[in-house]
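Inspection log for the structure reproduced underneath, given as structure tokens.
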Number of protein chains: 2
Amino acid sequence: MKENENKIKVEKNKSAAEVLESYPELKKNAVAIKYNETLKDLNEKLDKTTVVEVITTDSDEALDILRHSASHIMAQAVKDLYPNVQIGIGPATKDGFYYDFDVENPFTPEDLEKIEKRMEEIIKADKPFKHLLLPRKEVLKKFKDMNEMLKVELISEKTADDEEISLYEHDNFVDFCRGPHIPSTGRVPVVKLLSTGGAYWKGDERNKMLQRIYGTAFFKKESLNNYLEYLEEVKKRDHRKLGPQLDLYQIYEEAGSGLIFWHPYGATVRTIVEDFWKNVHTERGYRLIITPHIAHNELWKTSGHWDYYRENMYTIPTERGEYVLKPMNCPFHILIYQSKLRSFRDLPLRYCELGTVYRYERQGVLHGMLRVRGFTQDDAHIFCTPEQVEDEILSCLDIARYFFGVFGFKDYQIELSVRDTNEKEKYMGTDEMWDHAEKALVTALEKFQVDYSKQEGEAVFYGPKIDIKLVDAIGNTWQATTIQFDFNLPERFDINYIGSDSKEHRIIMIHRAMLGSLERFIGTLIEHYGGAFPIWFAPVQVVVIPISEKTHDYANSVMNRLVDAGLRAELDKRSEKMNYKIREAQDNKIPFMFIIGPREADAKSVSVRHRFLGDIGVVNLDDAISLLQNLDKQKIISFEDEWDDFEGSLAEWIKANKY
Amino acid sequence: MKENENKIKVEKNKSAAEVLESYPELKKNAVAIKYNETLKDLNEKLDKTTVVEVITTDSDEALDILRHSASHIMAQAVKDLYPNVQIGIGPATKDGFYYDFDVENPFTPEDLEKIEKRMEEIIKADKPFKHLLLPRKEVLKKFKDMNEMLKVELISEKTADDEEISLYEHDNFVDFCRGPHIPSTGRVPVVKLLSTGGAYWKGDERNKMLQRIYGTAFFKKESLNNYLEYLEEVKKRDHRKLGPQLDLYQIYEEAGSGLIFWHPYGATVRTIVEDFWKNVHTERGYRLIITPHIAHNELWKTSGHWDYYRENMYTIPTERGEYVLKPMNCPFHILIYQSKLRSFRDLPLRYCELGTVYRYERQGVLHGMLRVRGFTQDDAHIFCTPEQVEDEILSCLDIARYFFGVFGFKDYQIELSVRDTNEKEKYMGTDEMWDHAEKALVTALEKFQVDYSKQEGEAVFYGPKIDIKLVDAIGNTWQATTIQFDFNLPERFDINYIGSDSKEHRIIMIHRAMLGSLERFIGTLIEHYGGAFPIWFAPVQVVVIPISEKTHDYANSVMNRLVDAGLRAELDKRSEKMNYKIREAQDNKIPFMFIIGPREADAKSVSVRHRFLGDIGVVNLDDAISLLQNLDKQKIISFEDEWDDFEGSLAEWIKANKY
């Protein structure tokens, strides 16, 4: 449908709905109109004659309106079934809608079924959504009379005495709401309730816990099915489930929320990532440092964090004043920079540290490894001259791209955050500094030949930055890289270098993290791969499975060979059946299995099985080991990708490829 | 001198001094006697006729007595020169003696010279030491009259009302003292004052700061010279001086005392040690874990640390109760052990972690990297069955010996600490547990064929242990390894496994650290090597020195080759003179220098220089790189050791050794 086909002319005091009677095709898909950049009901009478855009079912805006209306229908259904429930708020969200209810007991799955059934009845009855504008006093009385005290609270807070209050009414249900809505309840083709959970009233921990019901709605059944499939996939990949299931990590509430305990397999993955990270950085001229986790609060007073970040800092009272558990590494890196007089000849100085920091986050926002209270930043600070800035940014982008490739992320989104030049007073630093820094970022991005979006006014007060978000296998995005100018700390700590003119100059300081934090990045890897890590960072690369006790000796020698070859191997000598052991290895997402029967023992070979490809033939042991070593060393992400090149038996392929 | 030659018979009411008149040779060297296992003055009249041992100048006991007497002489000298000074205490120490004085201003080096001069006069006057026993009242009055109020305080605290007080008097000086002493001041052949510093009265921070003068005394001038040489060597190797000088680490008082900031070179050494440690452990069946730095205090209440270790713990008040900065890793390892039901088939389970812990130590005891407030233990906990204990201990000893060898410690001292069976009530656990554990430790030590000393009553309350102390290049000892049974935590946390009988059994838990902490161990390495680390863990292995700008291109290519070869290299392109650069590289203790002039550039060779051996010839670049790689890979501790095997030019040697 072309843009113009959706525009119609509406006379003063008429509604779009009336005009649409003459456009039966358009009417079928019409949901609302856009008038003066604002969405309005189809039934809204306009106060002047004008051309308006009709919002149709193929747009995101229509989906939002549909879901918002569905949330009203759900609230009605709940009130019809449980008249004593008080209603909270019920907006549309990115993927659906929810409504919060003040109810004694949580809703059960059976309740949800009942509510969904009642919603279908309301939809079938096809009751119109009516927009009312009433005096505030009358509205407050109305809700008081209905005993909807949460609504009374909300209206009292959000509106002024003399305001007319916007309500939407359908059937026997009325809500405090700006709209717009679909014309009638019958216009909801597909609705589905999904889950329920607790939520604090107005999102504040100090308030009462309400019960939230999540649902979604679509214009097409097929879209719902796709969405449910996606949800299934998200659930399967959820690192909070896979992490403990694969024994990668666990959170022990008795020790504290938001604190990650890395179990052996998880610690192995983390150590591989760390070692690789250190190599990449030292090869590229970064200098590794290690700093303490605590410091006297004076340091944080100098940095300014004590004033504006204090509520997120863990503080430690001692006999000799208050200490702080570091929420960031910067002041420590600055101390090391300042331990000597630095000349332009020493620059750029790039200090990198895998620094574990602690930030007090509210209980409600914690989320597995992705939102935690303790995390290890892959942090670095670059101290350089203005002339060196562009090369440094370019080098950061290059490292980031290298990391993404080697960890198997094909897609990512780059955001450049610059200041709002209309509100210069909000930012630290001179025009010259901002212009120079923003120009360096843009030039580097352009030299780097990548797409990026520029976000005006999104820079933090102390400097512009680049953020990079990873896109995972099912299209979710995850914050990873930040490259951030800091015009603030060099001033506060008075950080300088001696220029070629023998005079003191203010240093340029750039914070940067490539992966973000090890916790979040490895959480992202778990979801991206659904726990089935590529061989190079899989905690166990191969499990040796003797089919009976008779081959235990040979299995031991295979195991020793694998360990000597530097591979991460396990030996499963339990007296379980072979198929049971194989199933368990597959459940544990171990890339390879070497299965050993008497024939393999005699021939000094192994029967190779891959977690996705299944049996791939008998190979002599030397070749099998070489194969794994090569996949490991070359950091092959997807064995299946390689597989496409291969025809015939694995043994032939290995031979042909000189593995 | 044979044992019996030192025994003499003394009649009742006579002194050894009187008897010794008949043994002029023995008299010359006699310092005191041992009577009933107690040291007594030569002039003491005995209360029965008996044979006593004469303590002569060749014994450690004589040295102690000499130094104690020297401290009295020093106190007299100070009082003679500065009559208003009050005296504190003045014992002999391992290497000398000290005395503390309450004085307004610290002593200057000039003061020390004056005091030493006055001591020489007192010694020359050869005044006898007299032992007095006086009523307490009279003694208190005596010291009050002299305005020695510190002594009055000490006597009041340390003695009972009806006691006779032991004093020693010589010349015009009298002190509250048990003795014994040398017969007269003239018997001090060699004395030397060394240094001065502040010390709290009775070692308590809350008390007044006194001024302490350190000195030493010997029977022979030669011994003093050896000792002064040793002190010179200690000073040269002091990690507190070398650490910052070689830019390995620094402590920033503004951030906090006792907190180590690892600068790039130090962090490099630490990372090499860490990586090596992780490999050794995973190869030997340890499983790496990583745990947080904080946890809710409940965990420490369960462990018992909250009750008996609280004053050393940093606590963090939060909205959700009090947290603790972990002072040890054990409870965290236990949580992971307990995350699953464990069977005897899963055992032994060995969790290892480079875990950074924080302990609040008093300001006064902090000492560089050796005594700190934050340190990283190379920690592990072994969970096993009683049958597995002996093999586990043996394996720990084996790892320790391997580490010591590869880090170049040829000598170490092993201590076995067992319980005092006369005070069984002081210890946790049954007789059976103690007997089993102590037997396992002894058997392992014997199988391991090493000398060890057994220390009765030195075990901690929760189990017996083995400690290993490293002996460094100049004979100092440093605590490293601990292998420690714990009968306490398995009870408190109720830690079990399912045995082959399908019943629950209490686990055996062993704490162990091989190096102790990375801070202390690397501090020890600095002192052991005087900062000149072996090539395999030297932060910079080779520095490339072009002799002029003409060879910069070739120097760059040499540098790239070295980096590609995985060597830690630096390139010194400054426009300084070659000799200046060489001197600086030597000062920085860099093992090798590759010096490059036009001839080397033409021949694709380098002129190799070693930090200790000086110039060792021109070698082609490939051979020079192979040489360094091999020394690195083989973890050669002392290049000089290797050197002994070599005759002829380096090039020939390299050829012969196929480097």
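Every read-out reported here was derived from the displayed coordinates using simple, explicitly stated rules and does not represent laboratory data. Quick caveat, the model's predicted, so the values are computed rather than measured. So basically every Cβ, Gly included, is an ideal-geometry build from the backbone, and we count neighbours across all protein chains shown.
Table for the structure above
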{"quantity": "Normalised contact order of the stretch B:136-242, rounded percent, pairs of Cα under 8 Å and 6 or more residues apart", "calculated": "16"}
{"quantity": "Exam field: A:PRO598 pseudo-label spacings to other copies (7 Å along Cα-Cβ), nanometres", "calculated": "7.9"}
{"quantity": "Sequence ranges B:19-25, A:397-403, A:128-134, A:74-80, ranked by mean other-Cβ count within 10 angstrom, highest first", "calculated": "A:74-80, A:397-403, A:128-134, B:19-25"}
{"quantity": "Options A:THR93, A:MET146, A:ALA125, ranked by Cα towards positive dipole end of the stretch A:74-146, top entry (Cβ charges)", "calculated": "A:MET146"}
{"quantity": "For chain A, size of Cβ-based charge dipole, Lys and Arg +1, Asp and Glu -1, in debye", "calculated": "660"}
{"quantity": "Whole-Hz couplings from phi, Karplus 6.51/-1.76/1.60, listed for the stretch A:22-33; x for Gly and Pro", "calculated": "7, 10, x, 5, 5, 4, 4, 9, 6, 10, 6, 10"}
{"quantity": "Shortest-first distances to equivalent copies, position A:LYS48, nm, label 7 Å out along Cβ", "calculated": "12.6"}
{"quantity": "Average other protein chain Cβ within 10 Å of Cβ, residues A:258-268", "calculated": "6"}
{"quantity": "log10 of Debye I(q)/I(0), alpha-carbon scatterers only, for the stretch B:345-459 at 0.09, 0.18, 0.22 Å⁻¹", "calculated": "-0.35, -1.24, -1.29"}
{"quantity": "Over 22 Å (Cα to Cα) - which of A:LYS192/A:LYS236; A:LYS550/A:LYS604; A:LYS301/B:LYS241 fall in this group", "calculated": "A:LYS301/B:LYS241"}
{"quantity": "Partners for B:LYS573 among aspartates and glutamates (Cα-Cα distance below 15 Å; same-chain residues under 8 apart left out)", "calculated": "A:ASP346, B:GLU549, B:ASP553, B:GLU584"}
{"quantity": "Nearest-0.05 FRET efficiency for B:LEU134 and A:HIS367, computed from C-beta distance (R0 60 Å)", "calculated": "0.20"}
{"quantity": "Diffusion constant of the stretch A:149-237 at 4 °C, which comes from Stokes-Einstein with the Kirkwood Cα-pair radius and 1.567 mPa s, µm²/s", "calculated": "79"}
{"quantity": "Anchor B:LYS202: lysines whose Cα lies under 17 Å away (excluding residues fewer than 8 positions away in-chain)", "calculated": "B:LYS151, B:LYS158"}
{"quantity": "Cα-based Rg of chain B normalised by 2.2 N^0.38 Å, two decimals", "calculated": "1.18"}
{"quantity": "Charged-residue dipole, Cβ positions (Lys, Arg, Asp, Glu), the stretch B:124-166 about Cα centre, Debye nearest 20", "calculated": "300"}
{"quantity": "Within the stretch B:462-542, chymotrypsin sites (Phe, Trp or Tyr not before Pro) in DSSP loop having at most 15 other beta-carbon neighbours inside 10 Å", "calculated": "none"}
{"quantity": "Alpha carbon centroid spacing (whole Å) that separates the stretch B:454-529 from the stretch A:276-301", "calculated": "31"}
{"quantity": "Candidates per trypsin sites (Lys or Arg not before Pro) in the stretch B:503-564, loop by DSSP, up to 16 other Cβ within 10 Å", "calculated": "B:LYS503"}
{"quantity": "Percent RCO, i.e. relative contact order, over chain B, from Cα pairs under 8 Å lying at least 6 residues apart", "calculated": "9"}
{"quantity": "Given charges at Cβ of Lys, Arg, Asp, Glu: chain A dipole, positive-most of A:HIS333, A:ILE508, A:SER626", "calculated": "A:SER626"}
{"quantity": "Point-charge dipole on Cβ atoms (K/R +1, D/E -1) for the stretch A:49-108, about Cα centre, debye to 20", "calculated": "160"}
{"quantity": "Shortest-first nm distances, A:ARG310 label point to equivalent points in other copies (7 Å, Cα→Cβ)", "calculated": "2.7"}
{"quantity": "Gyration tensor (alpha-carbon) shape descriptor, the stretch B:243-363, a/c threshold 1.5", "calculated": "oblate"}
{"quantity": "Positive dipole terminus of the stretch B:14-89, leading residue within B:ALA77, B:VAL31, B:VAL52 (C-beta point charges)", "calculated": "B:ALA77"}
{"quantity": "Cα gyration tensor of the stretch B:1-128 - equivalent ellipsoid semi-axes, whole Å, descending", "calculated": "34, 14, 14"}
{"quantity": "FRET E, pair A:VAL563, B:ASP564, Förster distance 22 Å, beta-carbon r, rounded to 0.05", "calculated": "0.20"}
{"quantity": "FRET efficiency, 1/(1 + (r/R0)^6) with R0 25 Å, evaluated for A:VAL234 and A:GLU157 via beta carbons", "calculated": "0.10"}
{"quantity": "Inter-label distance for B:GLU456 and A:ASP431, nm, one decimal - labels placed 7 Å from Cα along Cα-to-Cβ", "calculated": "8.8"}
{"quantity": "Qualifying lysines (Cα of each under 19 Å from Cα of A:LYS45; at least 8 residues distant if same chain)", "calculated": "A:LYS7, A:LYS9, A:LYS12, A:LYS14, A:LYS27, A:LYS34, A:LYS130"}
{"quantity": "Computed [θ] at 222 nm, deg cm²/dmol, the protein assembly as shown (DSSP H ≥ 4; -39,500 (n - 2.57); rounded to nearest 500)", "calculated": "-11000 deg cm²/dmol"}
{"quantity": "Near-label residues of the stretch B:145-173 by backbone N, under 11 Å of a point 7 Å along Cα→Cβ of B:ALA125", "calculated": "B:170-173"}
{"quantity": "Chymotrypsin sites (Phe, Trp or Tyr not before Pro) restricted to DSSP loop in the stretch A:550-631 with at most 13 other C-beta within 10 Å", "calculated": "A:PHE612"}
{"quantity": "With 10 Å bins from 0: P(r) over the protein assembly as shown, alpha-carbon pairs, percent", "calculated": "1, 7, 11, 15, 18, 16, 12, 8, 6, 3, 2, 1, 0, 0, 0"}
{"quantity": "Long-range lysine pairs (8 or more apart or interchain), the stretch B:314-465, Cα under 26 Å", "calculated": "16"}
